[in-house]
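Encoded as structure tokens, the structure appears first; notes follow it.
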Amino acid sequence: MHGNGEGALLHGGGGYARAGDPRTPEFGVVIFYEPKLSENEGVLEPRLSKWNARMSESAITSVIPAAVATLLTWIGANFVGGPIRKFIDLRGDVIKELAQYANVRARLKEMPSGAIVEQQPPLTDQEKERSDEAREVLRNLAAEMKKFAENESLAVWLVRWCPCWRYQPAEASRGLIGLSNTFDSYRMARAHHKKMVEAALRIRA
């Protein structure tokens, strides 16, 4: 103990306390304890640093494969799976429309001599409207097929060279455009373009 009276300092337990302090507990002293490090505590910090470093490396090595897998999944969905699904749906639309407009009469007819004459009896207004509608539908399908053929390189490569598909989108687009241009007349060109589309998309006639 150092000093006298209420202001005296009491020593004990590795620290100092002031007697008579109103904050003192029931023993009348407040102990300001200053802990002392043991011999092993000084070695703990470098060990913790090494452990943290190992944990950081482990976290990095686990995050990188997950990020790569996520990136590959995104690429597959947006540049392969999605475009191929759209192409398969587009092929289905071509099959449907070819069947739907197969019985539409043409306005003109090519004679054996090569002359182009109007069909007899002439088309009704309703038949002319349906013929114009078919030409518009075929041209829209040709535009969609051309967009796929020239914009989705990876998906086009797969649908062209995969043994289970072997489709030719660019050839199908050209055939659909030609069919649209010749749809209102019975000519060899119309039959040729129809066969071109069926061969490019492997459609059974």
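Every read-out reported here was derived from the displayed coordinates using simple, explicitly stated rules and does not represent laboratory data. The shown structure was predicted, so the numbers you read here are calculated from the model rather than taken from an experiment. Backbone-built Cβ (ideal geometry, glycine too); neighbour counts: all protein chains shown.
Can you give the alpha-carbon Rg of the stretch 143-201 over 2.2 N^0.38 Å, where N counts its residues?
1.20
Shape index of the stretch 76-200: Rg/Rh, with Rg the Cα radius of gyration and Rh the Kirkwood radius from the inverse mean 1/r over Cα pairs, equals 1.07.
A Förster distance of 45 Å, applied to the separation of the beta-carbon atoms of residue 202 and residue 125, puts the FRET efficiency at 0.75. Each residue of the stretch 140-157 is assigned a 3J(HN,Hα), and the resulting list reads 5, 5, 4, 5, 5, 5, 5, 4, 5, 4, 9, 10, 10, 4, 5, 5, 4, 4 Hz, derived from the Karplus form 6.51 cos²θ - 1.76 cosθ + 1.60 (θ = phi - 60°), x at Gly and Pro. Taking amide H atoms as placed 1.01 Å from N in the peptide plane, the amide H of residue 108 lies under 5 Å from those of 119, 185, 186, each 5 or more residues away in sequence or on another chain. Each of 144, 150 has some number of other Cβ atoms within 10 Å of its Cβ, and from fewest to most they run 150, 144. In this entry, the stretch 74-143 is assigned a mean projected area of 6.4 nm², taken as a quarter of its C-alpha convex hull surface. In the stretch 80-205, taking the dipole from charged Cβ atoms about the Cα centre, the farthest positive-side position among 87, 99, 154 is held by 154.
Counting only C-alpha contacts under 8 Å and six or more residues apart, can you give the relative contact order of the stretch 76-200 as a whole percent?
28
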